[in-house]
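Structure record follows, encoded as structure tokens.
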Amino acid sequence: MKYLNNRLKIEKINVDNIAKMFGTPSYCYSYSQLKKNILDFQKSFKSFSPLVCFSVKSNSNINLIKEIQKFGLGADVVSKGELMLALKAGINPKKIVFSGVGKTIEELNYAIDENILLINAESKSEIKEIEKIANKKKKKVKIGIRLNPNTDAKTLNQISTGKKENKFGVNNKTFVEIVKYCKNSKNIDLKCLSVHIGSQILDHKPYQKMLKVLEKIINKINYHFEFIDLGGGMGIPYDNKHKKLSYKNYNFAIKKFLKKNNSKIIFEPGRAIVGNTGTLIAKIIYIKKSGSKNFIILDAAMNDLMRPALYGATHKILPSKKRGNVIKKTYEFVGPICESTDKFVTLKKFQNLKEKDIVVICDVGAYGMSLSSNYNIRPKPVELLIKGSKIKIIKKRQKHKDLM
């Protein structure tokens, strides 16, 4: 996005024109930013050519996934629905990894029938269930085991997944036991050591620590894994205070790890691929003055963008028109839903705003629409893919009659 003559543009299209044509709230994705993110990611780690499996949970729009698969990416899925969607979008089954702590028998059956690359198991009970199904089908199923490395990713508690108190993966002792169990199984083909320490990680040091934990346990069990799945979690800056994760430093740490461990690396990025591609265009319904504070009431709400209410996350907000008159006053951008958590951000200064003005909530491409809901019987927004001066509807706006 950029301003031209004080008007905000997404690629070559004015935000105000998008709002007029398609209404508000509207999700917009920039194709050029999506392409740039994918090519930058691939280039940053090309020295060891990882298998990059896009995390479908971050954005499950099938049309976006179709665009992503054109760059050769696979998919990381965590449910039968996500697996079905990935396959329908044209993702190669041999590039699909199925993660998650609570896969049902139905989901395991489906994944085994589709002959996907890996099922990353998270407990001995799950492996026994896979073994039982594989035995009935007379198949040998390729799996990974997810290790909980007890590594603090220094991220939000709500999105931490690699500490011992988190529900994900197994501890070192159980991991060793499971490896021994798999060695003696006729229907289990243990191919992968999987790990994922959290989300929105901006520092490479937790990853370095994680790699040392992996090296230690691999040396202990003396087992060669064809794949090492390092998960995702690569963060993006949502404000001007933080910098993007250094791929260069992370790449260096992995190359050092691979000198002793000859395995194919799998990544599961989501946010790093789509996070900054997305914007949510909203209209100001009312401005309510309350003492020293102005409540800017938008037509977008927590059902459209859950991250601030769920995690306390913040997103930059930009006006569609620059007026140049910044006022030092508390502005609280909120939605119309009857919940106190239905707010996006509180700012100490902002330009003068008027009712019916258009604003843009930035960096909503990951966990925006995928976490959205119909709370308060609110229809979900339209989703648009913007490519230069062209706009394509990639998901229609819901109507109230769809929800009745």
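The values are calculated or read from the model by the stated rules, or taken from the named source; none is laboratory data. As the structure is a computational prediction, the values presented were derived from the model and not from experiment. Positions of Cβ are generated from backbone atoms using ideal geometry, with glycine treated the same way; all protein chains shown enter the neighbour counts. Remember, those area values only see protein heavy atoms, side chains included, never the ligands or the DNA or RNA. Shrake-Rupley method; radii C 1.70, N 1.55, O 1.52, S 1.80 Å.
General observations
- Share, in percent, of DSSP beta bridges within the chain that are antiparallel, nearest 5: 50 percent
- Gain in span if fully extended, Lys70 to Ser32, counting 0.36 nm per residue against the direct Cα distance: 12.3 nm
- Glu268 long-range amide H proximity, modeled H, under 5 Å: Cys53, Gly231, Gly232
- Inter-label distance for Met21 and Lys139, nm, one decimal - labels placed 7 Å from Cα along Cα-to-Cβ: 4.4 nm
- Once the 1.4 Å probe is applied to the protein heavy atoms, the chain comes out at 47 Å² accessible per residue.
- Note on the chain: semi-axes of the ellipsoid equivalent to its C-alpha gyration tensor, largest first and rounded to whole Å, are 41, 22, 20.
- Inter-probe distance in nm under a simple model that places probes 7 Å from Cα toward Cβ, at Arg323 and Lys46: 4.8 nm
- The chain, relative contact order [Cα under 8 Å, separation at least 6], %: 20 percent
- FRET efficiency for the Lys12 to Asn184 pair, using the beta carbon distance and R₀ = 60 Å, is estimated at 0.45.
- Share of carbon and sulfur in the accessible heavy-atom surface of the chain [1.4 Å probe, %]: 49 percent
- Against the chain, whose longest principal axis comes from its Cα atoms, helix 205-221 is set at around 10 degrees.
- Length added when fully stretched, Tyr3-Ile62, from 0.36 nm per residue minus Cα-Cα: 18.2 nm
- Placing dummy labels 7 Å off each Cα toward the beta-carbon, the span from Lys128 to Lys264 is 3.1 nm.
- Applying 0.36 nm per residue to the separation of Phe252 and Lys94 and subtracting their alpha-carbon distance, the gain on full extension is 54.1 nm.
- Loop GluC sites (Glu not before Pro), the stretch 270-376 (other Cβ atoms within 10 Å of the site Cβ: 16 or fewer; DSSP): Glu339, Glu355
- Proximal charge balance of Val56 [Cβ under 11 Å; K/R count +1, D/E count -1]: -2
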